[in-house]
Amino acid sequence: MKLTVEQLARMLDLSAVRADVDLAEVHRLAEAARQYHCVAAFVLPCHLPALRALLADAPDVGVGGVVGFPSGAHSTAIKVAEAREQLTAGAGELDMVINVGMLRSGRDAYVANDIRAVVEVAGSVPVKVILEAHHLNDSEIVRGSQLAVRSGAAFVKTGTGWAPTGATLHNVRLIKSAVGNAAQVKAAGGVRDLQTVVELMRSGATRFGVGLTSGLQILAECAAHNDGVEV
């Protein structure tokens, strides 16, 4: 298939979720998401009301919030409260960080209940579960992916972007093999050019989390191919 810039934009979650993001960057994020008609834009919780207001006239661009970000070690009660607050503020998608330490400790029931509590509060709003795969071995990635699916996740996501790696071909293939068609795969953490996007798509990713700067570069790369990019 040929991937056009319009199709690519509908697979990109543009994000500004670093600790140093200011309101000026939130404005730039909203402007870029509106210009390209990206599927969603994501910010840290304090910026969600501002982003929602900036995109009020762009109904085709979803507004996303993060839960338990970036460590995943918040208590379940705090994650639920955070999810409720962001839903009230207008979040149309939630990306929650799995409890990495509990997953590594073999506390599968805790991890599943943690995810399920947020999924239940979210209702019809899709929840993407972030594994932060950089800190996990292969068996933990598979187990975490399966727990996410069983707990109602719509997507399993590779990472927050705060760890050194995340969206490797190996990780995406591993997650895809674990979830099959029961959930989609979102690649985030190291997605910075069009070739990486294409390779990750071939490996099973259907959504991509990219920072504003990288996202604009990727979209510009794709737009330069008038006939689309072969995937």
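What number of residues within region 19-35 are in contact (Cβ under 8 Å) with a residue 40 or more places away in the chain and either exposed (fewer than 14 other Cβ atoms within 10 Å of the Cβ) or among the hydrophobic types (A, V, I, L, M, F, W, C) (or both)?
Within region 19-35, the subset in contact (Cβ under 8 Å) with a residue 40 or more places away in the chain is 25, 28-29, 32.
Checking the rest, the ones that are also either exposed (fewer than 14 other Cβ atoms within 10 Å of the Cβ) or among the hydrophobic types (A, V, I, L, M, F, W, C) (or both) come to 29, 32.
Number of matching residues: 2.
Being over 21 Å from ARG10 (Cβ atoms), modelled with pLDDT of 95 or more and of a type in the set (S, T, N, Q) is a condition met by no residue of region 184-200. Every condition in (1) closer than 30 Å to GLY228 by Cβ; (2) in a helix (DSSP H, G or I); (3) of a type in the set (A, V, I, L, M); (4) in contact with a helix residue (DSSP H, G or I) (Cβ under 6 Å, 6 or more places away or on another chain) is met by MET102 except one, and the failing one is (1). Taking ASN113, is it polar (S, T, N, Q), surrounded by 17 or more Cβ atoms within 10 Å (Cβ to Cβ) and within 30 Å of ARG143 (Cβ to Cβ)? The answer is no for ASN113. Do you know which of the residues in region 170-224 that are surrounded by fewer than 19 Cβ atoms within 10 Å (Cβ to Cβ) and charged (D, E, K, R) is nearest to VAL156 (Cα to Cα)? Ranking the qualifying residues of region 170-224, first place goes to ARG173. With respect to the conditions (1) under 20 Å from GLY68 (Cα atoms); (2) surrounded by 18 or more Cβ atoms within 10 Å (Cβ to Cβ), GLY123 lacks only one, and its number is (2).
The values are calculated or read from the model by the stated rules, or taken from the named source; none is laboratory data. These numbers come from a predicted model, not from an experiment. Positions of Cβ are backbone-derived with ideal geometry, glycine not excepted, and every protein chain shown enters the neighbour counts.
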